[in-house]
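Student: To start, I am sharing the structure in question, which I have written as structure tokens.
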Amino acid sequence: MTADFTEAEFRARLAALGLTLDARAFAIAWAGARHLRAEVAKVDAYLAS
Amino acid sequence: MTDPADLSIPEAAAKLRSGSLTSRALTAAVLARISARNPRFHAFTHIAADALDQADRADAMLAAGDPGPLCGLPVAVKDLIDVAGQPATSGSRVLQGRIADTDARAVVRLRAQGAVLIGKVATYEFAMVGPDLSLPDPPARNPWNPAHITGGSSSGSAAAVAGGLVRLAIGTDTGGSIRSPAAYCGCVGLKPTRDRVSRAGAFPLSPSLDHTGPLAATVEEAALALDAMSEGDWRAASARIGQPVTDLKIAFARDWFADDPQASESLIRAMDEAASTLSLLGAQITLVTLPDYAPYEAAASIILHAEALEEHRALIRDHAGDYGRPTLQCLAFGAAIDAEDVAKARQARTRLTAGMLLAMDGSDLILTATTLAPALPFSAFDGEKAVWTPMRTIAFNLTGQPALSMPAGFENGLPLGLQLVGRHGDEDLLCAVGHAFERATDHSVLRPPP
């Protein structure tokens, strides 16, 4: 996955799961998704160290 | 005369063996205690209709010869773990009405030894996130102050033990779900070495991080419970209870919590006092710098969210509307993770585990904090998004090392917990040190007002 994981891509993945979130729930889920992408970057940095 | 519900497991076991107490009388006393206190703490979600019948069977086992230290003693089980004939909803509307057909493997062992499976206790929904006030069962409340959370996900297990409803409850721990509620509620929580206790029959959150273990009023009771549930050839967790700790070297990982601005002054003081107490008991305390916590948390979060989404994929497709909002939102996070990310996190896991064991070189145990502050009030939760409380637990789900949380002080009337961590299989050392600390302080003797 590229570092610039987009909101549109996240929406598409949720749709593929059959998961429809209202606007408030999506905003929270998207914030969590971005946090997890930051965690992925931390692991990448750790493995590169 | 002491209410039988207040007897420790060793005290009750001795009376059961001598014939001065029956399991039926003990179980009846515990049922009365639950009836009196559960309306305040919401720890139990179900009471076993056959509890007294189980007690009668235990009395027969005791009369025929003692099958083990837990025979005849009431045990509560987190509603994520199957107990045959009892509800098994994982705290969710998704599984509402489900009754377990069979016992989870750990429960099989407890039942075979005559434990009375007295009921199910609350869990955060699917062990994922909480508290969620919109779910059918009200969230468990902190016995020290019911306006505060218990922590989770073994929320009912901690409330039941700390509130004096039972001496022993079984929980699960994927990122701290035994240890953090134990710390917040002021009881003992023991996350065993990975695979020491079977996870079969517990609803998985993240199979490669999940652990099953006890929450108990004291370290000795947690050790006895772990020994009763352990699978395979391990040194007994209770083997060194009461022995001196003068030969043990303890690595004090102070910077892991003290350098974090979220750590409260009371917490730092309590940990320093714990290190001093252990030093006075003869243990050799050395300040160490453990590896940076952040990569442990990052790798574990990636694995947890990816595996949790996989476990729930089919249920989400068919029952998305039955999940609580915070749980569904947290499960959705996992859609941001790819197989390649998980592979890298697992690669990091191997290196991080080796790094932690290397950092322990020359020490027997690590001493650090469990959580960085006491339990939050319910008012901090808006029912929409999850609130993450700072803790130092998930690293040891990643490494699979045993970790014990136990009471170490108070802040504004709410408990604080210390954490002892050992090498794989060293629960006997954790419990020896924990028991010695318990004896040298009054933290574990103090109980919330009845």
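The values are calculated or read from the model by the stated rules, or taken from the named source; none is laboratory data. Remember, predicted model here, so these are calculated numbers, not experimental data. Every residue, glycine as well, gets a Cβ built from its backbone with ideal geometry; the counts of neighbours run over all protein chains shown.
Student: Here is a check on your reading of the model: is B:Leu357 more than 14 Å from chain A (Cβ to nearest Cβ), at pLDDT 95 or above and touching a Ser or Thr at 6+ places or on another chain (Cβ under 8 Å)?
Tutor: Against the criterion (more than 14 Å from chain A (Cβ to nearest Cβ), at pLDDT 95 or above and touching a Ser or Thr at 6+ places or on another chain (Cβ under 8 Å)), B:Leu357 qualifies.
Student: Residues B:Met391, B:Met406: which one is farther than 20 Å from B:Tyr296 by Cβ and either touching a Cys at 6+ places or on another chain (Cβ under 9 Å) or in contact (Cβ under 8 Å) with a residue 60 or more places away in the chain (or both)?
Tutor: B:Met406
Student: Being modelled with pLDDT of 95 or more, over 21 Å from B:Glu311 (Cβ atoms) and out of contact with any His (no Cβ under 7 Å at 6 or more places or on another chain) is the requirement here; does B:Ile149 meet it?
Tutor: yes
Student: Another question about this same structure. Scanning the range B:30-74 for residues that are under 30 Å from B:Gly152 (Cβ atoms) and of a type in the set (Lys, Arg), which turns out surrounded by the fewest Cβ atoms within 10 Å (Cβ to Cβ)?
Tutor: B:Arg40
Student: Working only within the range B:209-222, note down all residues that are touching an Asp or Glu at 6+ places or on another chain (Cβ under 7 Å) and part of a helix (DSSP H, G or I).
Tutor: B:Val219, the sole residue that qualifies.
Student: Can I ask one more? Have a look at A:Ala31, A:Ala16, A:Ala45, A:Ala23 and point out the one that is more than 9 Å from chain B (Cβ to nearest Cβ) and free of Cβ contacts under 8 Å to residues at least 24 places away in the same chain.
Tutor: Going through A:Ala31, A:Ala16, A:Ala45, A:Ala23 in turn, the sole match is A:Ala23.
Student: Right, another one. Across the range B:306-315, what is the number of residues that are surrounded by 19 or more Cβ atoms within 10 Å (Cβ to Cβ) and either hydrophobic (A, V, I, L, M, F, W, C) or within 11 Å of chain A (Cβ to nearest Cβ) (or both)?
Tutor: Of the residues in that region, 4 qualify.
Student: Can I ask one more? If we keep just the residues of the range B:289-305 that are in contact with an Asp or Glu (Cβ under 9 Å, 6 or more places away or on another chain) and closer than 25 Å to B:Val433 by Cα, which is surrounded by the most Cβ atoms within 10 Å (Cβ to Cβ)?
Tutor: B:Leu290
Student: Report those helices (runs of 4 or more DSSP H) wholly inside the range B:337-448 carrying at least 3 residues which are β-branched (Val, Ile, Thr).
Tutor: Numbers: elements: B:339-359, B:395-399, B:427-440.
Per the criteria, B:339-359.
Student: Right, another one. Scan the range B:37-45 and give yes if some residue there is among the small types (Gly, Ala, Ser) and touching a residue at least 12 places away in the same chain (Cβ under 8 Å), otherwise no.
Tutor: Looking through the range B:37-45, at least one residue is among the small types (Gly, Ala, Ser) and touching a residue at least 12 places away in the same chain (Cβ under 8 Å).
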